[in-house]
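Note sheet for the following structure.
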Amino acid sequence: MATVRLDQKARALVRAIPDSYHSALANFFGSGPKDIDLARYQHSEYKTALEAAGIEVVMLEADHNHPDCLFVEDQAVIIDGHVLLPVPGHPSRVKEQPPIADFLVSQMGGAQICRMSGDARMDGGDILRLGDIFFVGRSTRTNDLGIEELRDLLSHLGHELRVIDIPKHALHLTSIASTPTDSIILAPEGYLPKDAFGELPEGCEVIWMPEDETYGCNTIGLPGGKVLIAKGYPTVNKTLSELGLETIALDFSEIRAADGSLTCCSLFY
Ligand code: GLY
């Protein structure tokens, strides 16, 4: 989940892979999942890696009518204990949300819950946080009305929002960028202009990776200097290791096959 700081990562929600997973949307990194058993194995390794890093993980049941239901990141935006429930940007994904919303309401006593409505659209995967600055991708899934609702919530919480146009050959902002620590943005060459993230606070930087490691730019920073990365992206691994981080590489090939990245599969709450 890209909207929480490292010190806010104690509990995570994940969702099991449905029997219909072979029908998941796949138009960017992937050409469609082929091996559901392998996907389930890779997903269980992901859960284990989060738990090994000290995160308490709850797995929601799969919804077999919704092939993309494992990608929980898109269904809620959690900011400092408040929850924005977006209207997901792809119609086939809208009905994945109710059990996730119910779970969060039951677990986050006292949280302010805002529901997006009307023509506003947003996938949680379009949001990235670096300290108190938030970035939102204007994408095929997230529109200007959705961005304005997010801006309202963030201004109420005293946070800044910067908008980034996502090129047509990428799904979400988090498909091409992540924050492995609270002071680093990892992003690939060739997708965004060099000034896309604007001026960053002192001590923060964007580290640009080669374009052929785009998928590897999605990472999950964890407490204790650990970071989950996708297996097979050597520059990402070397760069983060040289920064003193302990990288934990996961084979995510059958999740990638449905355009899913590491952050897509969890919500920290
Ligand atoms: N397969 C993930 C998505 O397109 O939303």
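Restricting attention to region 25-59 and to residues that are among the aliphatic types (A, V, I, L, M) and open to solvent by less than 10 Å² (accessible area, probe 1.4 Å), the residue that is nearest to the ligand (Cβ to nearest atom) turns out to be ALA39. Checking each residue in region 205-234 for being farther than 22 Å from HIS169 by Cα and assigned to a helix (DSSP H, G or I) picks out PRO223, GLY224, GLY225, PRO234. Among the residues of region 164-181, those that are buried (at least 16 other Cβ atoms within 10 Å of the Cβ) and more than 16 Å from the ligand (Cβ to nearest atom) comprise ILE164, ALA177, SER178, THR179, PRO180, THR181.
Entry remark, region 1-24: residues being outside any loop (DSSP other than H, G, I, E, B) and within 14 Å of the ligand (Cβ to nearest atom) number 4 in total.
Contact annotation: no residue pair with Cβ atoms under 8 Å, 6 or more positions apart or on different chains, pairs a residue in region 70-88 that is open to solvent by less than 10 Å² (accessible area, probe 1.4 Å) and modelled with pLDDT under 95 with a partner that is aliphatic (A, V, I, L, M) and within 16 Å of the ligand (Cβ to nearest atom). How many of the residues making up region 78-91 are under 15 Å from ARG11 (Cα atoms) and either small (Gly, Ala, Ser) or within 15 Å of the ligand (Cβ to nearest atom) (or both)? Counting residues in region 78-91 that are under 15 Å from ARG11 (Cα atoms) and either small (Gly, Ala, Ser) or within 15 Å of the ligand (Cβ to nearest atom) (or both) gives 1. The residues of region 217-265 that are within 16 Å of the ligand (Cβ to nearest atom) and charged (D, E, K, R), listed by number, are GLU254, ARG256, ASP259.
One residue is enough: does region 155-163 have a residue meeting the conditions crowded, with 20+ Cβ neighbours inside 10 Å and at pLDDT 95 or above? It would help to see each step written out before you state the result.
Filtering region 155-163 for residues crowded, with 20+ Cβ neighbours inside 10 Å gives none.
Checking region 155-163: not a single residue is crowded, with 20+ Cβ neighbours inside 10 Å and at pLDDT 95 or above.
Residues that are in a strand (DSSP E or B) and closer than 27 Å to ALA257 by Cα do not occur anywhere in region 111-122. Taking the criterion of being open to solvent by less than 10 Å² (accessible area, probe 1.4 Å) and touching a Pro at 6+ places or on another chain (Cβ under 9 Å), the residues of region 237-259 that qualify are LEU240, ILE255, ALA258. Taking region 11-23 as the range and being over 14 Å from GLU73 (Cβ atoms) and open to solvent by less than 60 Å² (accessible area, probe 1.4 Å) as the test, the residues that pass are ALA16, ILE17, PRO18, SER20, TYR21. If you go through region 59-81 and keep only what is under 30 Å from LEU161 (Cα atoms) and aliphatic (A, V, I, L, M), you end up with LEU70, VAL72, ALA76, VAL77, ILE78, ILE79.
Could you please find all residues in region 119-154 being without any contact (Cβ under 8 Å) to a residue 60 or more places away in the chain and either in contact with a helix residue (DSSP H, G or I) (Cβ under 6 Å, 6 or more places away or on another chain) or open to solvent by less than 60 Å² (accessible area, probe 1.4 Å) (or both)? Walk me through how you get there before you give the answer.
Pass one, region 119-154, residues without any contact (Cβ under 8 Å) to a residue 60 or more places away in the chain: 119-123, 126, 132, 136-140, 142-145, 147-148, 151-152.
If the condition is that a residue be without any contact (Cβ under 8 Å) to a residue 60 or more places away in the chain and either in contact with a helix residue (DSSP H, G or I) (Cβ under 6 Å, 6 or more places away or on another chain) or open to solvent by less than 60 Å² (accessible area, probe 1.4 Å) (or both), then ASP119, ALA120, ARG121, MET122, ASP123, ASP126, VAL136, GLY137, SER139, THR142, ASN143, ILE147 are the ones that fit.
Here LEU38 fulfils each of the conditions (1) under 18 Å from the mean Cα position of the chain (by Cα); (2) of a type in the set (A, V, I, L, M); (3) in a helix (DSSP H, G or I) apart from (1).
The values are calculated or read from the model by the stated rules, or taken from the named source; none is laboratory data. As the structure is a prediction and not an experimental result, all values here were calculated from the model. When we count neighbours, we look across all protein chains shown, and the Cβ atoms used for this are built from the backbone with ideal geometry, even at glycine. Just the protein is used for accessible areas: all its heavy atoms, side chains included, with ligands, DNA and RNA removed. Shrake-Rupley method; radii C 1.70, N 1.55, O 1.52, S 1.80 Å.
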